[in-house]
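Notes follow once the structure below has been shown.
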Amino acid sequence: MPVPDQATLAKRARIVAAMRSIVPGEGVIDDPDALRPWESDGLTAYRQPPMLVVLPETVEQVAAVLRWCHAEGVKVVPRGSGTSLSGGALPLADAVLLGMGKFKKILRIDYEDRIAVVQPGVTNLAITQAVEGRGFYYAPDPSSQIACSIGGNVAENSGGVHCLKYGLTTNNVLGVELVTMDGEIVRLGADYPDAGGLDLLGVIVGSEGLLGVVTEVTVRILPKPQTARAVLLGFPDAESAGACVAHVIAEGIIPAGMEMMDRPAIHAAEAFVKVGYPLDVGALLIVEVDGPAAECDHLIDEIARIADANGATSSLISQDEAQRVAFWAGRKAAFPAVGRISPDYYCMDGTIPRRRLPEVLRRMEALSQKYGLGVANVFHAGDGNLHPLILYDANIPGELDRAEEFGNDILRLCVEVGGVLTGEHGVGIEKRDLMPEMFAPDDLAQQQRVKCAFDPELLLNPGKVFPTLHRCAELGRMHVHHGQLPFADLPRF
Ligand SMILES: Cc1cc2nc3c(=O)[nH]c(=O)nc-3n(C[C@H](O)[C@H](O)[C@H](O)COP(=O)(O)OP(=O)(O)OC[C@H]3O[C@@H](n4cnc5c(N)ncnc54)[C@H](O)[C@@H]3O)c2cc1C
């Protein structure tokens, strides 16, 4: 991480006082004990208490905090619910941690336009809960949906089981209100798709808190499908299950969800939730279709036929809603279930072309032997989005390092077969140093020019995503603020 700036630390008391004048009451936390709970996000292997936490309640407060920090050269790390698995919300010792948890209001629901306008601290699930009484829902459904915020979802372009058919966050967000690092409040997108101008909304979704602080989100809501049915398909090995996934898609069927679990994950989940998963199979597919009942019946039959042709050894179709929900219960509880069989696990997130699934799973097994660490696989098979859970024990010296190296090799493998470093968890600090595996220096410089356009002083969430954060002047951009030439010592080109 960037070395803490001593000049900033030296003026901490003044920063605290300034923040208190902007966010009065209990909105500023600076007591060292009270800062402890904020020291990490979902990537708990990394910890760093923040310099202080600020919890604004209004957009004006967010703008004033950012404006002040910008003028004083103080770094800011935005945070939603802190469930990031890539360390995106990891605090910095010399930065303000800007918690958006008090932005909890659903501002407007318009069923005719099928949109909901919400504040960024609203949880993903709360959006569906707010509209389900009228038969609507918000489609992207991360497993963390009970806790993660929609602001965090926008920053990470989060996904979930149903994103195969309905798209990721980026396909379900129509507009945002954003405060830039210099305190300017801007609106991107609209209440309808494809607002005019450059697609800056597309730039913001997935920008991991590096370009601005999201203060309002307009999402698309969808009518709940008339029917949903799921089928549990058992296969002798992950390769035949992987081949089935590729064939289902190749036949033109887009299931609502298509998830795979390998043997260790099946056993862990079944022991935890006891929903009747077959234990004599090497891999399990849970495939869900939704829509009118006749369409679902037809698609389920087609999927069962394709599974048969790919060597499925068992097939169980949900007969009612309770059974469908039970099928998913094991999958949804798979992470905590794996937590019961290993003291620690490290959840990876890479994406590969679907047709390479069998090969990648085979090579992952070889890596597991090489590193002497178990791996359980639970993933969005239809999207080719892998979530290998590497099993380790943090109390054994060197095991975390080995788990990380194993994880890095898995991500390198994803890139080698034509995939990408992340499917939905983001780059953060976790995958930051692997970015050159995927991008050439010119690509990275070009990406950083976008960062410089929004935040030329590199004050917002520094140390994340980019392996080397070049000063913007090095990239040829010159932003003159109040007549002051930044980095005056550097030669211009
Ligand atoms: C058990 C578990 C299961 C998970 N399952 C999934 C899954 O199925 N799919 C998936 O995609 N992810 C999953 N995640 C990861 C995580 O929940 C998502 O990345 C989520 O979107 C993070 O939201 P958050 O509110 O917790 O954000 P945080 O963790 O607080 O922050 C994440 C990033 O967003 C930025 N950020 C947060 N709020 C704002 C804002 N208002 N403006 C600008 N930037 C902001 C932060 O700076 C940081 O870079 C899982 C995590 C856990 C712990």
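The values are calculated or read from the model by the stated rules, or taken from the named source; none is laboratory data. All figures in this text were calculated on a predicted structure; none of them were measured in a lab. Positions of Cβ are generated from backbone atoms using ideal geometry, with glycine treated the same way; all protein chains shown enter the neighbour counts.
Filter segment 368-381 for residues that are under 19 Å from GLY282 (Cβ atoms) and more than 12 Å from the ligand (Cβ to nearest atom) and give the result.
Within segment 368-381, SER368, GLN369, GLY374, VAL375, ALA376, ASN377, ALA381 qualify.
Please state which one of ILE396, ILE390 is surrounded by fewer than 19 Cβ atoms within 10 Å (Cβ to Cβ) and either touching a residue at least 12 places away in the same chain (Cβ under 8 Å) or away from the ligand (no atom under 16 Å from the Cβ) (or both).
Checking each option against the conditions leaves just ILE396.
Return yes or no: is GLU177 assigned to a helix (DSSP H, G or I), acidic (Asp, Glu) and either more than 8 Å from the ligand (Cβ to nearest atom) or touching a Lys or Arg at 6+ places or on another chain (Cβ under 6 Å) (or both)?
Judged against the criteria, GLU177 is not a match.
Looking only at segment 418-436, decide whether some residue is more than 18 Å from the chain's Cα centre (by Cα), surrounded by 15 or more Cβ atoms within 10 Å (Cβ to Cβ) and either on the phi < 0 side of the Ramachandran plot or not β-branched (Val, Ile, Thr) (or both).
no
Within segment 209-227, which residues are in contact with a helix residue (DSSP H, G or I) (Cβ under 6 Å, 6 or more places away or on another chain) and in a strand (DSSP E or B)?
Result: VAL213, VAL214, THR215, VAL217, VAL219, ARG220, THR227.
Could you grab me the full set of residues in segment 366-420 that are assigned to a loop (DSSP other than H, G, I, E, B), closer than 25 Å to GLU270 by Cβ and aliphatic (A, V, I, L, M)?
Within segment 366-420, LEU373 is the sole residue that qualifies.
Residues of segment 121-167 being outside any loop (DSSP other than H, G, I, E, B) and near the ligand (Cβ under 10 Å from one of its atoms), which ones?
Scanning segment 121-167 gives THR123, ASN124, SER149, ILE150, GLY151, GLY152, ASN153, VAL154, ALA155, GLU156, CYS163.
Is it the case, given these coordinates, that GLY25 is farther than 24 Å from GLU156 by Cα, at pLDDT below 95, among the small types (Gly, Ala, Ser) and surrounded by fewer than 16 Cβ atoms within 10 Å (Cβ to Cβ)?
yes
Does PHE406 satisfy the criteria of being of a type in the set (Phe, Trp, Tyr) and either within 16 Å of the ligand (Cβ to nearest atom) or without any contact (Cβ under 8 Å) to a residue 12 or more places away in the chain (or both)?
So PHE406 does not fit the description; no.
Where in segment 1-81 are there helices (runs of 4 or more DSSP H), lying wholly inside it, with at least 2 residues that are under 29 Å from the mean Cα position of the chain (by Cα)?
Answer list for segment 1-81: 32-35, 59-72.
Please list, ordered by first then second residue, the pairs with beta carbon atoms under 7 Å, 6 or more apart or interchain, first in segment 84-105 and under 17 Å from ALA13 (Cα atoms), second of a type in the set (D, E, K, R) and part of a loop (DSSP other than H, G, I, E, B).
Close Cβ pairs satisfying both conditions: ASP94/ASP5.
Okay, residues lined up against (1) away from the ligand (no atom under 12 Å from the Cβ); (2) aliphatic (A, V, I, L, M); (3) crowded, with 19+ Cβ neighbours inside 10 Å:
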| position | (1), (2), (3) |
| --- | --- |
| THR58 | yes, no, no |
| ALA63 | yes, yes, yes |
| ARG67 | yes, no, no |
| ALA71 | yes, yes, no |
| THR83 | no, no, yes |
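How many of the residues making up segment 421-441 are free of Cβ contacts under 8 Å to residues at least 24 places away in the same chain and in a loop (DSSP other than H, G, I, E, B)?
First, the residues of segment 421-441 that are free of Cβ contacts under 8 Å to residues at least 24 places away in the same chain: 438-441.
Now drop any that are not in a loop (DSSP other than H, G, I, E, B), which leaves 439-440.
Total satisfying the criteria: 2.
If I ask for residues that are surrounded by 16 or more Cβ atoms within 10 Å (Cβ to Cβ) and over 21 Å from PRO225 (Cα atoms), which ones from segment 249-263 would you list?
Hits for segment 249-263 are MET260, MET261, ASP262, ARG263.
When only residues in segment 108-120 that are surrounded by 17 or more Cβ atoms within 10 Å (Cβ to Cβ) and assigned to a strand (DSSP E or B) count, which is farthest from the chain's Cα centre (by Cα)?
ILE109
Checking LEU367 against (1) modelled with pLDDT of 95 or more; (2) at positive phi: exactly one of these is not met. Which one?
(2)
Determine which single condition THR215 fails, assuming it passes every other condition in (1) more than 30 Å from ASP455 (Cα to Cα); (2) under 28 Å from the mean Cα position of the chain (by Cα); (3) touching a residue at least 60 places away in the same chain (Cβ under 8 Å); (4) surrounded by 17 or more Cβ atoms within 10 Å (Cβ to Cβ).
Answer for THR215: the failing condition is (1).
Hey, among GLU184, GLU208, which residue is within 11 Å of the ligand (Cβ to nearest atom), of a type in the set (D, E, K, R) and either within 13 Å of the chain's Cα centre (by Cα) or at pLDDT 95 or above (or both)? So that I can check it myself, show each step before the final result.
Values: GLU184 fails: within 11 Å of the ligand (Cβ to nearest atom).
Step by step, each of GLU184, GLU208 is checked, and only GLU208 is within 11 Å of the ligand (Cβ to nearest atom), of a type in the set (D, E, K, R) and either within 13 Å of the chain's Cα centre (by Cα) or at pLDDT 95 or above (or both).
Being under 12 Å from the mean Cα position of the chain (by Cα) and closer than 29 Å to ASP455 by Cβ: is that true of PRO140 here?
yes
Please enumerate the residues belonging to segment 264-290 that are surrounded by fewer than 22 Cβ atoms within 10 Å (Cβ to Cβ) and touching a strand residue (DSSP E or B) at 6+ places or on another chain (Cβ under 7 Å).
PRO264, PRO278, GLY282, ASP290
Taking ARG354 and the conditions (1) within 30 Å of GLU399 (Cα to Cα); (2) more than 16 Å from the ligand (Cβ to nearest atom); (3) at pLDDT below 90, which numbered condition does it fall short on, given that it satisfies the others?
(1)
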